[in-house]
Amino acid sequence: MQPLEPVSKTRFVLPPPPLQRYLTTYYFTDIESPDGSEISDLMLPQWASIRYIYRGSVKMTIPDHKPQDSPLAAMTGPTSLAAPISAKKANIAAFGLLPLGWYKFVGQPASRWANKVVDVKTAHKFELFEQIWEAIRNMDSEAEMVDASNHILLEALQPVDPEEERIEAAHLALTDPAIDSVAALSDRLDMDTKQLSRFSNRVFGFLPKLLLRRQRFVRTLGQALMNPKQSWSECVDLNYYDQAHFNRDFKRFMGLTPRQYMAQPHPILGIGAMERTKALGRPLQAMDRPVDPNGSDNSNAA
């Protein structure tokens, strides 16, 4: 990978314990081009995220669309494709939503918003996130933004319902390397394939086969980001048959080959992934896992 230029900075802040089942982390990104040119990178496949651009502007490209200015208050649904992002100068406050957070705070079928960006000020049923935007848009302090967001989200919490436990169990299974097929996932969750498909589309945004494929890919990409001196062959997930199998998945999710990706600089997401690893233990939001009730693995440190 080409050396990263110091054109962006990202800082991470964990939400309070009551919100950690629903949010990944708050993060603040500053982008500033030293010469006024566009700074470009790729947003990697991930769960949903909310992005507030309180200074400057950001351009994004979503599937089948030309580059366009991102809404200042934008919700990106769960993604299975890399999305180009660029800016000359921008200050961004954001947070990631775990699938349980999507269920809790959005409540719409995730498949409806998969691989899409929506303006929360105009889209129906995103009023909660518009409320956060109105509260933080004129603040200068990141701590104040976090406090205001926490207050609004905590106020919106409803009592836990039985569906939440099933969603967390499914999320935990999806991110378990031992679950390598739809049949294994179906057995783990005690659902038939039709039930699982409907549930998966509604909660996670995609069918189970694609989700398992995405998680296998993300585990490999995460290992490569955490170990930049290793070759791809040393990072490839054990559920891949061989290097060619991984290369096909890379092309499917990223739109380019591993060699092409590593030859490019990644001055926004590359730096962010390194800082996320230092702060939280894992470089990518899609690697986050719920707390395993039978173990000690805590996703919210991811």
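For region 221-243, which positions are outside any loop (DSSP other than H, G, I, E, B) and either more than 15 Å from ALA82 (Cα to Cα) or open to solvent by 20 Å² or more (accessible area, probe 1.4 Å) (or both)? Talk me through it step by step, then tell me what you get.
Our first condition is that a residue be outside any loop (DSSP other than H, G, I, E, B); within region 221-243, this holds for 221-226, 232-235, 243.
Of everything in region 221-243, those that are outside any loop (DSSP other than H, G, I, E, B) and either more than 15 Å from ALA82 (Cα to Cα) or open to solvent by 20 Å² or more (accessible area, probe 1.4 Å) (or both) turn out to be GLN223, ALA224, LEU225, MET226, TRP232, SER233, GLU234, CYS235, GLN243.
Restricting the search to region 83-99, which residues are hydrophobic (A, V, I, L, M, F, W, C) and surrounded by 21 or more Cβ atoms within 10 Å (Cβ to Cβ)? Steps first, please.
Step one: list which residues in region 83-99 are hydrophobic (A, V, I, L, M, F, W, C), which gives 83, 85, 87, 90, 92-95, 97-98.
Passing the criteria: ILE85, ALA87, ALA90, ILE92, ALA93, PHE95, LEU97, LEU98.
So which residues in region 13-44 are aliphatic (A, V, I, L, M), open to solvent by less than 60 Å² (accessible area, probe 1.4 Å) and under 28 Å from ASN138 (Cβ atoms)?
First, pick out the residues of region 13-44 that are aliphatic (A, V, I, L, M): 13-14, 19, 23, 31, 39, 42-44.
Still in the list and also open to solvent by less than 60 Å² (accessible area, probe 1.4 Å): 13, 19, 23, 31, 39, 42-44.
Within region 13-44, VAL13, LEU19, LEU23, ILE31, ILE39, MET43 qualify.
For region 16-51, enumerate the residues that are within 20 Å of the chain's Cα centre (by Cα) and of a type in the set (A, V, I, L, M, F, W, C).
Residues satisfying the conditions are LEU19, LEU23, PHE28, ILE31, LEU42, MET43, LEU44, TRP47, ALA48, ILE50.
Taking region 45-67 on its own, how many of its residues are open to solvent by less than 20 Å² (accessible area, probe 1.4 Å) and assigned to a loop (DSSP other than H, G, I, E, B)?
Filtering region 45-67 down to residues open to solvent by less than 20 Å² (accessible area, probe 1.4 Å) leaves 45, 47-53, 58, 60.
Now drop any that are not assigned to a loop (DSSP other than H, G, I, E, B), which leaves 45, 47-48, 58.
Selection size over region 45-67: 4.
With respect to HIS65, is the statement that it is at pLDDT below 95, farther than 26 Å from SER197 by Cα and not small (Gly, Ala, Ser) true? Don't jump to the end; show me each part of the working.
Numbers: at pLDDT below 95: yes; farther than 26 Å from SER197 by Cα: yes; not small (Gly, Ala, Ser): yes.
Against the criterion (at pLDDT below 95, farther than 26 Å from SER197 by Cα and not small (Gly, Ala, Ser)), HIS65 qualifies.
For region 144-203, name all the residues that are within 19 Å of LEU14 (Cβ to Cβ), crowded, with 16+ Cβ neighbours inside 10 Å and without any contact (Cβ under 8 Å) to a residue 24 or more places away in the chain.
ALA148
Let's see how each residue does on (1) more than 18 Å from the chain's Cα centre (by Cα); (2) at pLDDT below 85; (3) not hydrophobic (A, V, I, L, M, F, W, C):
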| site | (1), (2), (3) |
| --- | --- |
| LEU221 | no, no, no |
| PRO228 | yes, yes, yes |
| ASP237 | yes, no, yes |
| ASP242 | yes, no, yes |
| HIS245 | yes, no, yes |
| PHE250 | no, no, no |
| LEU256 | yes, no, no |
| GLN260 | yes, no, yes |
| PRO265 | yes, no, yes |
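Those residues that are in contact (Cβ under 8 Å) with a residue 24 or more places away in the chain and outside any strand (DSSP E or B), I need them from region 16-32; list them, please.
The initial filter retains those residues of region 16-32 that are in contact (Cβ under 8 Å) with a residue 24 or more places away in the chain, namely 16, 18-32.
Across region 16-32, the qualifying residues are PRO16, PRO18, LEU19, GLN20, ARG21, TYR22.
Any idea how many residues of region 44-78 are under 27 Å from ARG282 (Cα atoms) and in contact (Cβ under 8 Å) with a residue 60 or more places away in the chain? Lay out the reasoning, then the answer.
From region 44-78, those under 27 Å from ARG282 (Cα atoms) are 44-54, 58-63, 70, 73-78; that's our starting set.
After this cut, where a residue has to be in contact (Cβ under 8 Å) with a residue 60 or more places away in the chain as well, the list is 44-50, 52, 54, 73, 77-78.
Adding up the residues that qualify gives 12.
The values are calculated or read from the model by the stated rules, or taken from the named source; none is laboratory data. Only a predicted model underlies this, so the values are computations on that prediction, with no experimental measurement involved. As a convention, Cβ positions derive from the backbone with ideal geometry for all residues, glycine included, and neighbour counts pool all protein chains shown. Surface areas here come from the heavy atoms of the whole protein model, side chains and all, with no ligands, DNA or RNA. Shrake-Rupley method; radii C 1.70, N 1.55, O 1.52, S 1.80 Å.
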